[in-house]
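What follows is a set of notes on a single structure, which appears directly below.
The values are calculated or read from the model by the stated rules, or taken from the named source; none is laboratory data. In this text, all values refer to a predicted model and were calculated from it rather than measured experimentally. Glycine gets a Cβ as well: all are built from the backbone with ideal geometry, and neighbour counts include every protein chain shown. Note: accessible area is taken over every heavy atom of the protein model, side chains too, but ligands, DNA and RNA are not part of it. Shrake-Rupley method; radii C 1.70, N 1.55, O 1.52, S 1.80 Å.
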Amino acid sequence: MDFWQLAISGLANGSVYGLIALGFVLIYKATEAVNFAQGDFMMMGAFITIWLTNEQYLGFSFWLAIPLAILIMALLGYLLDVVVIRRMFGQPQIAVIILTIALGFIIRFAAGAIWSHEPQLLETPFAGREVHFGGLVLGFEEVAVIIVTLLLTMFLFLFFKKAKLGKAMQAASQNQLAAYYVGIPVKRIQSLVWALGGSVAAVAGILFASKGAVDPSTGLLGIKAFAAAVIGGFGSLPGALIGGLIIGLIEPFAAYGLPAGYSQVAPYALMLLVLIFRPAGLFSQMHEKKV
Amino acid sequence: MRFVFKRSYDDDIKLFKHRPQAFYYLALLILMLALPLLLDDFFLGEVTYVLIFAIAGMGLMLLTGHTGQVSLGHAAFLALGAYLNAIMLSKGIPFVITLPLAGILTGIIGMIIALPVLRLHGIYLAIATLAISVLADDIIVMAEPFTGGVTGLVAPPIDIFGLDIDRYGTPILFYFLVLFVTLFVLMIYRNIMRSPLGRAFVAMRDSEISAQALGVNITKTKATAFAISCAITGLAGALLGHFAGAFNNETFNIVLSIQLLLMIVIGGLGSIHGAFFGAMVVGFLPQFIAISRDFATDNFGFNSLSMPGIETGVFALILVLFILFEPMGIYGRWVKIRTYFELFPFYRKNMFKRQKSYLKTERMK
């Protein structure tokens, strides 16, 4: 039983990593930029939800707060692209990376200044409720996290595969100039992708905050999500989720079976191994580069 | 407007472009040598700190600015240098040996780490080095018998041929030690950039494919760049260890790694000057914030003391502004201003405009 208990809580943690990784992959897939601030986006989403819901602040109903928070984060993502990221159009990729790292620092500082550095919990209506499943006692949050993550990944996967907008997003990333020629409004598409990235981050934040306390440095979780995205293969949405789940599963079992300290190292060690032996990730889209 | 007439091919790689330039740098050197006479111990300590960061910045600049390989993990090599130096010193080896040895060993270990990682491009390299930085933190804690774990190490006192050097006891001597190492690294760096190796670095940064076509061995050159970069960073780490006095895994955390990268970007990627300008920003910013904070509190009754992390916040904001409006950094801005006056009134706005390139995916080509 212990095994399953560990596995489920690992999967729940992994889902959150997977969701952040999903945000990376989404933005990477569609704009070829890597958003190093995605973890901080998630933290921001969590704090906005806490701000809307908790008695201490506005005290809205939980079910009203969720769509509101997602909307606010989408708006923030959109504005961020219009005001800041869009100016980087045509600049080397690395400049965008450095820019997003700096934005992450700013978001962390802003969150600390607005909501203080104390860890805070989201007040959910289902706090403390349990789910009994064949002798297992599971937290309601953990089950909810896993289900929501699976649904969201499936939705995004189909979105990129079937929807016209999703295909336009892929085209805009694969060749900007060619996308222009066939009439895709590349700039607006990119803003929409950032909005989508923001709302995915908000969902991740809500799920994370319902499971445990949030403070401004929670955004550093993004680094773990990087490991997830790399293991899954940057550019593959299901890959990101599976990478997240793998990392989520490794952690509790490494903590259980190995001496202290190793469990923190395990995800990154795995990521380095993947990078060295299969640089394109487990579910790669990489093709040979030609001159 | 100054015309530099080149009479031989060697003129292209002269240490100084023209006489006045040599004169300016000589004047700067004399100023730096005379600095202990001009400043009190506190500000001398600040300058020392800036110089140490400039050394670390030069290490990263060689890799990122001149070879085009982004590393988010250089705090790990700072840590390696600091720990190697402190451990060897505590074994009774004299400082004149441990300092260079710490640099060389860091370089060798850096190269060993780099070999598998260097096959990666762009973001993958950035993420792999980020992982190295995170791993270093945990490895320091796990290797407690050597590193003292969370309690950390105290850097043993420096003793060079009977001369006691201590950050607090003899700040002037420590300053000269750091200045000497800075000049030493600077000379090596400058000379590398004048040599075929340096040209290969720059060629590789601008286009890996063309460099390869011209006969540059990509893997070997990248590994060399990583080794030299790590060695310089290791030296800076050893000095930083002495400057901090005591250090543990927290001293060299991931934020420091990122800060190093941000520092050289603010300074100006692709120029040695940039490392120094960036170090100045990082070194003096906390003072500047403290002063303006006091100013705000005194004059507007505005209490900003309750804002932890304001330094990184302001630092990041400056960086964002630089990337948006002056991607070439402080040094780039200086070059533009200088050109404006040199060409007056013929300076054109688009003179330094970079060519934009349309993005294509890295995944399908």
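Which residue pairs have Cβ atoms under 6 Å apart, sit 6 or more places apart or on different chains, and have a first residue in the range B:283-296 that is surrounded by 12 or more Cβ atoms within 10 Å (Cβ to Cβ) and a second that is assigned to a helix (DSSP H, G or I) and at pLDDT below 80?
Matching pairs, first to second residue: B:P286/B:E311; B:I289/B:E311.
Specify the residue that is modelled with the lowest pLDDT; the eligible residues are those in the range B:118-158 that are more than 7 Å from every other protein chain (Cβ to nearest Cβ) and over 19 Å from B:G81 (Cβ atoms).
Among them, the one singled out is B:H121.
Take A:L241 and decide whether it is more than 21 Å from A:L71 (Cβ to Cβ), away from chain B (no Cβ under 14 Å) and surrounded by 24 or more Cβ atoms within 10 Å (Cβ to Cβ). Lay out the reasoning, then the answer.
Details: more than 21 Å from A:L71 (Cβ to Cβ): yes; away from chain B (no Cβ under 14 Å): yes; surrounded by 24 or more Cβ atoms within 10 Å (Cβ to Cβ): yes.
Yes.
Test of understanding: among A:Y57, A:Y28, which residue is over 27 Å from B:E326 (Cα atoms) and either open to solvent by less than 30 Å² (accessible area, probe 1.4 Å) or free of Cβ contacts under 8 Å to residues at least 12 places away in the same chain (or both)? I'd like the intermediate steps shown before the answer.
On the way: A:Y28 fails: over 27 Å from B:E326 (Cα atoms).
Answer to the check: A:Y57.
Please state which one of A:A213, A:A209, A:A225 is touching a strand residue (DSSP E or B) at 6+ places or on another chain (Cβ under 9 Å), at pLDDT 85 or above and crowded, with 21+ Cβ neighbours inside 10 Å.
A:A209
Go over the candidates B:G268, B:G241 one by one and state the one that is open to solvent by less than 10 Å² (accessible area, probe 1.4 Å) and within 15 Å of the chain's Cα centre (by Cα). Please lay out each step first, then the result.
On the way: B:G241 fails: within 15 Å of the chain's Cα centre (by Cα).
It is B:G268.
Yes or no, residue by residue, for (1) in contact (Cβ under 8 Å) with a residue 60 or more places away in the chain; (2) within 13 Å of A:G39 (Cα to Cα):
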residue	(1), (2)
A:K187	yes, no
A:S191	yes, no
A:V203	yes, yes
A:L221	yes, yes
A:G232	yes, no
A:G235	yes, no
A:I242	yes, no
A:P252	yes, no
A:L272	no, no
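With A:A195, A:A179, A:A168 as the choices, which residue is open to solvent by 10 Å² or more (accessible area, probe 1.4 Å), small (G, A, S) and over 15 Å from the mean Cα position of the chain (by Cα)?
A:A168
May I ask you to list pairs of residues, at least six apart or on different chains, whose Cβ atoms are under 9 Å apart, with the first in the range A:77-104 being under 25 Å from B:I264 (Cβ atoms) and the second being acidic (D, E) and modelled with pLDDT of 85 or more?
A:L103/A:D40; A:G104/A:D40
Which residue out of A:L220, A:L272 is within 12 Å of chain B (Cβ to nearest Cβ), closer than 18 Å to B:I123 by Cβ and in a helix (DSSP H, G or I)?
That would be A:L272, the only listed residue that is within 12 Å of chain B (Cβ to nearest Cβ), closer than 18 Å to B:I123 by Cβ and in a helix (DSSP H, G or I).
Please find, within the range B:62-108, the residue that is farthest from the chain's Cα centre (by Cα) out of those that are surrounded by fewer than 20 Cβ atoms within 10 Å (Cβ to Cβ) and hydrophobic (A, V, I, L, M, F, W, C). Reasoning before the result, please.
Just the residues of the range B:62-108 that are surrounded by fewer than 20 Cβ atoms within 10 Å (Cβ to Cβ), to begin with: B:87, B:90-94, B:96-97, B:100-101, B:104-105, B:108.
Imposing the further condition that a residue be hydrophobic (A, V, I, L, M, F, W, C) reduces the set to B:87, B:93, B:96-97, B:101, B:104-105, B:108.
Details: B:I87: 24, B:I93: 27, B:V96: 22, B:I97: 23, B:L101: 19, B:I104: 17, B:L105: 19, B:I108: 19 Å.
By that ranking, first place goes to B:I93.
Within the range B:66-102, take every residue that is at pLDDT below 90 and within 14 Å of chain A (Cβ to nearest Cβ) and give me the one that is nearest to B:G152 (Cα to Cα).
Of everything passing the filter in the range B:66-102, B:G73 is nearest to B:G152 (Cα to Cα).
Are any residues in the range A:84-109 open to solvent by 20 Å² or more (accessible area, probe 1.4 Å) and closer than 30 Å to A:E142 by Cβ, and if so, which ones?
Correct list: A:I107, A:R108.
Across the range B:119-136, what is the number of residues that are in contact (Cβ under 8 Å) with a residue 60 or more places away in the chain, crowded, with 19+ Cβ neighbours inside 10 Å and not β-branched (V, I, T)?
3
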